[in-house]
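Here's the structure, in structure tokens; my notes come after.
Each value in this text was obtained by applying a stated rule to the coordinates, not by laboratory testing. These numbers come from a predicted model, not from an experiment. Here the Cβ positions follow ideal geometry from the backbone for every residue, glycine too, while neighbour counts run over all protein chains shown.
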Amino acid sequence: MIEIRPLGSSSAGNAYHITDGYTALLLEAGIRYKDIQRALNFQTTNIAGCLISHEHGDHCKAVTDIVKAGVDVYASQGTLDALGLSSHRAKLARAKQQFKIGTWTILPFDVEHDVSEPLGFLMANQEGEKLVFITDSYYCRYKFSGLTHIMVECNYSVQILDQNIASGRVPAVMKKRLLRSHFSLENVKDFLRANDLSSVQEVWLLHLSDSNSDEEVFKREIQELTGKPVWIAKR
């Protein structure tokens, strides 16, 4: 059974601990390693690997310490190059080429963000469960079958963003970048509509903006759309 534990999920830092009961992984390492250790009650020796989506600091801040702790880090060539990570613990993840870590079979796929080579990850375990992880992408071109767990960024609402720009709380220049780099509530809905959700057990909404989101509204609208339990990742 997949268990998802957010350790951080915001522009200040993103990191998630997941396990299927056999193999534990980190998705992202965007908070201090000391904070990761503390959040996991210093039980980090069983972490089998760390998947990094891209090189922005709020997703990879602890990478060097993760490697020093003896944990393999998996990322695209573009991300590894941007990080200057050349340790034997740095493992290349190529889009559409699956690999295994313990009981997980992982298929990276390309996403859309303003960095060199960002990735999302489709993960399947031996029990037949499937988890998709997408963050920092303004849309996803792929459809997935048999999903049981969805972890997807829901950074902002266009309506809230426009209201904030009109009131002067957010600079107008922010809109162009957000539209081409982060998943909006509206695009998350389109993504969910495009996929078969019949086997989905839960949906996690990640990386909500501090100023351009509304937790209660996002949770309610995604629950109404999917009929599934929805969780807001925060810490």
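Structure notes:
- Karplus (6.51, -1.76, 1.60) ³J(HN,Hα), θ = phi - 60°, over the stretch 221-232, in Hz, Gly and Pro reported as x: 5, 6, 5, 5, 5, 9, x, 10, x, 10, 10, 9
- Cβ-defined net charge surrounding Tyr139, 14 Å radius [Lys, Arg +1; Asp, Glu -1]: -2
- Options Val73, His207, Gly146, ranked by Cα towards positive dipole end of the stretch 3-232, top entry (Cβ charges): Val73
- Inter-part distance where the stretch 1-55 and the stretch 187-220 are each reduced to a Cα centre, Å: 21 Å
- Amide H contacts of Trp204: Ile150, Met151, Val152, Trp231, each under 5 Å away and 5 or more positions distant or on a separate chain (H built 1.01 Å from N in the peptide plane; Pro and chain starts excluded).
- For Glu112, the amide hydrogen comes within under 5 Å of the amide hydrogens of Tyr138, Tyr139, counting only partners 5 or more places away or on other chains and with H modelled in the peptide plane.
- The charge dipole of the stretch 3-232, taken about the Cα centre with unit charges on the Cβ atoms of Lys, Arg (+1) and Asp, Glu (-1), comes to about 380 debye, rounded to the nearest 20.
- Residue exposure proxy: Ser53, Ser213, ordered by other Cβ atoms within 10 angstrom of their Cβ from fewest to most, comes out as Ser213, Ser53.
- Summarising the amide proton neighbourhood of Ser53: residues at separation of 5 or more, or on other chains, whose placed amide H is nearer than 5 Å comprise Glu28.
- Restraint check, Lys143/Lys175; Lys68/Lys175; Lys68/Lys143; Lys100/Lys189; Lys91/Lys176, Cα-Cα greater than 32 Å: Lys68/Lys175; Lys68/Lys143; Lys91/Lys176
- Ellipticity estimate at 222 nm from DSSP helix runs (n ≥ 4, -39,500 (n - 2.57)) divided over the chain, nearest 500: -7000 deg cm²/dmol
- Restriction of the trypsin sites (Lys or Arg not before Pro) in the stretch 76-172 to DSSP coil positions whose beta-carbon has at most 15 other beta-carbons within 10 angstrom yields Arg94, Lys96, Arg141, Lys143, Arg169.
- With coordinates expressed along the principal axes, the C-alpha atoms belonging to the chain extend over 49, 38, 34 Å, beginning with the largest.
- Antiparallel DSSP beta bridges within the chain, as percent of all bridges there, nearest 5: 50 percent
- Reducing the stretch 100-128 and the stretch 134-178 to their Cα centroids gives an inter-centroid distance of 20 Å.
- Nearest 10 degrees, 0 to 90: helix 158-167 Cα axis against the chain principal axis: 60 degrees
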